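Structure first, then comments.
The values are calculated or read from the model by the stated rules, or taken from the named source; none is laboratory data. Here the structure is a predicted model, which is why all the values come from computation and not from measurement. When we count neighbours, we look across all protein chains shown, and the Cβ atoms used for this are built from the backbone with ideal geometry, even at glycine. Note: accessible area is taken over every heavy atom of the protein model, side chains too, but ligands, DNA and RNA are not part of it. Shrake-Rupley method; radii C 1.70, N 1.55, O 1.52, S 1.80 Å.
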Amino acid sequence: MKSIYSRQFIMMAGMVLISFVLLGASFATLSYQYSTTEKKDTLERNASYIALFTTRSLASGANADDSNFRANLEVLARLSDSKVIVTTPDGVVAFATDGRSATLGYEGWQIPETMVDFLLNTGSYAGTSTLGSLLPKNSYVVGMPITTTVAGMEVYQGLVFVSADLSYITSMWRGMATIFLVTAGVVILIACIISSLTSLQQARPLKEMAAAARAFGHGDFSVRVDTGKREDEIGELAEAFNTMADSLAKSEERRSEFIANVSHELKTPMTTIAGFADGILDGTIPPAQQREYLTIISSETRRLSRLVRSMLDLSRMQSTEELTAQERFDISEIMVQVLLSLEGKVNGKGLEVETDLPDEPVMVWGDPDSITQVGYNLLDNAIKFSREGGTLGISVTTRGDKALITVSDQGETIPPEELALIFDRFHKTDRSRSMDRDGVGLGLYIVKTILNTHKENITVESQDGVTRFTFTLTLA
């Protein structure tokens, strides 16, 4: 399996190499074609000028043996950096010069008949040739006829050929290509180094994340990825990974705490039940006291049942991230029904009930059964911690698109440091909840869980012996 580092490095190096190859090939081709085309056009113009000069010179009485005529051709050959060859109409060389020597010794050579016929038939010739081995190597040759007009007719006086060696263009192109290749090699090397460093920098956090994930698989949630103060997508991913790791660590901590709490909550009543049952069976507890201890065993058994039932309800709620369906219902009616179901407990503590409910129904969205459990848990909790003869309050108000439901009681003030923990599983404060002999510490946690599934909030405040729980529901 190829790593991200190797794939990105190969991709970057390949893109740079392909770009340079395409750019270099295009540049070389265009420059070579431009140079050769320009040279060929220059030769054709020079050939036409020389043909015109020769025509005028011959018309004025000069001939190929004339020294002035030859001197002028030598100058033209030197200026055009080419060879000038003048022949008879049938292609026999009369004079040839390259501008550097008086003669090239080509006199008397025969130009190939096919070339002469082509020139006479078409009026010009242009191409690469050695002129029948006259030239030492292939050169670009341009041919023009030398004509005069006699009695209204054109008469061929001879032929002129101008040739130039284009090999210097190839040499120049090769030099340019060498410079280009060296430059391209240096650029590719620098690009490869930069790409390598960049790829390593990008792959490092990913490797750290992979190592951290493997550590998580072995139960070690303390590993974190060093973001290196990066502000790009990789840094964002590393931060998200660290956030996930923190969440996993907290979840593991809560899971361990939950197991410890469950073990403790189960151990206490089971120890009580087993101890009293053994005492009855072995006769340690006298018959006169057995009924009293059997009552305790029955109470602890019901407490275990409530604990198991609450844990099952909690597991069911946590397995569902969102509500499958919502209904419209009157929250005031729900709270009144819950209060009526707890009438016995209210009367048992001699509580005075104060309600602040609207005359009109307050219709909200939600699961009526779940919200009923929320109201029951809050009211049962309020009754449990109210002082004898205190006041139990219920109010329903609206604000914006939300309904605010408040349950209050008069009892001991909950310390501020305990308010942040009051919705935790199995949390019991020493002072405000010490009277909760039958509770399992899951009531408020279940309330928080239900409201979370509804995407609603709950707050608590406790001052001067009055504790208020307020939760929200969306108006229908």
Query - Contour minus Cα-Cα distance for Glu154 and Gln110 (0.36 nm per residue) - result: 13.5 nm
Report summary line: FRET efficiency (Glu252, Val186; Cβ distance; R0 51 Å; to 0.05) is 0.40
Report summary line: The distance between the Cα centres of segment 125-161 and segment 52-96, in whole Å, is 12 Å
**Report entry** Percent RCO, i.e. relative contact order, over the chain, from Cα pairs under 8 Å lying at least 6 residues apart
**Finding:** 10 percent
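I'd like the carbon and sulfur percentage of the solvent accessible area for the chain, probe radius 1.4 Å, heavy atoms only, ligands and nucleic acids excluded. Let's see the in-between values first.
Values: 15230 of 27130 Å².
After summing per-atom areas, the C and S share lands at 56 percent.
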Report summary line: With the 1.4 Å probe rolled over protein heavy atoms, segment 28-173 has an accessible area per residue in Å² of 51 Å²
Report task. Using +1 at the Cβ of each Lys and Arg and -1 at the Cβ of each Asp and Glu in the chain, identify which of Ser101, Ile394, Gly366 lies farthest towards the dipole's positive end. Result -> Ser101
Query raised in the report: Can you flag which of Lys349/Lys455; Lys267/Lys448; Lys229/Lys448 are past 31 Å Cα-Cα?
Result: Lys349/Lys455; Lys229/Lys448
Report summary line: Along the dipole axis of the chain (charges at Cβ: +1 for Lys and Arg, -1 for Asp and Glu; origin at the Cα centre), the most positive-end residue among Thr472, Ser57, Ala382 is Ser57
Report task. Please state, rounded to one decimal and in Å, the Kirkwood hydrodynamic radius that segment 186-295 gives when every pair of distinct Cα atoms enters the mean of 1/r. Result -> 19.1 Å
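Whenever you get a sec, line up Ser199, Ser35 from highest to lowest accessible area (probe 1.4 Å, protein heavy atoms).
Correct descending sequence by accessible area is Ser35, Ser199.
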Requested in this report: Note down the nm distance, to one decimal, between modelled labels 7 Å out along Cα→Cβ at Ser299 and at Thr36.
Outcome: 11.0 nm
Report task. Could you pull out every whole DSSP H run in the chain that spans at least 24 Å of Cα extent along its own axis and averages 0.0 or higher on the Kyte-Doolittle scale? Result -> 4-59, 167-217
Query raised in the report: Based on DSSP H runs of at least 4 residues, each adding -39500 (n - 2.57), what is the mean residue ellipticity at 222 nm of the chain after dividing by all its residues, to the nearest 500 deg cm²/dmol?
Result: -19500 deg cm²/dmol
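How much space per residue, in cubic angstrom, does the convex hull of the C-alpha atoms of segment 1-91 take up?
Taking the convex hull of the Cα positions in segment 1-91, it is 120 Å³ per residue.
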Query raised in the report: Cα convex hull of segment 1-152: mean projected area in nm², to one decimal?
Result: 14.1 nm²
Report task. Any chance you could get the radius of gyration and Dmax over the Cα atoms of the chain, in Å? Result -> 52.9, 164
Requested in this report: Could you pull the accessible area for Asp220 with a 1.4 Å probe, rounded to 10 Å²?
Outcome: 60 Å²
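Can you work out the accessible area per residue across segment 201-251, with the rest of the protein chains kept in place, probe 1.4 Å, in square angstrom?
Result: 64 Å² of accessible area for each residue.
Quote the charge dipole size of segment 319-402 about the Cα centre in Debye, to the nearest 20; the model charges only the Cβ of Lys and Arg (+1) and of Asp and Glu (-1).
So the magnitude is around 400 debye.
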Query - Per residue accessible area in Å² of segment 342-382, where ligands, DNA and RNA are left out and the probe is 1.4 Å - result: 51 Å²
Report summary line: Once Ile190, Ile331 are ranked on solvent-accessible area with the largest value leading and a 1.4 Å probe, the list reads Ile190, Ile331
Query raised in the report: Over segment 95-146, what is the relative contact order in whole percent, taking alpha-carbon pairs under 8 Å and six or more residues apart?
Result: 28 percent
Requested in this report: With +1 on each Lys and Arg Cβ and -1 on each Asp and Glu Cβ, and nothing else charged, work out how big the dipole of the chain is about its Cα centre, in Debye to the nearest 20.
Outcome: 1520 debye
Query raised in the report: Counting alpha carbon pairs within less than 8 Å and at least 6 residues apart, what relative contact order, in whole percent, applies to segment 29-118?
Result: 18 percent
Query raised in the report: For q = 0.14 Å⁻¹, what log10 I(q)/I(0) does segment 101-161 give under the Debye formula with an equal point scatterer on each alpha carbon and no solvent?
Result: -0.45
Query - Cα-centred dipole magnitude for segment 370-410, charges only on beta-carbon of K, R (+1) and D, E (-1), debye, nearest 20 - result: 100 debye
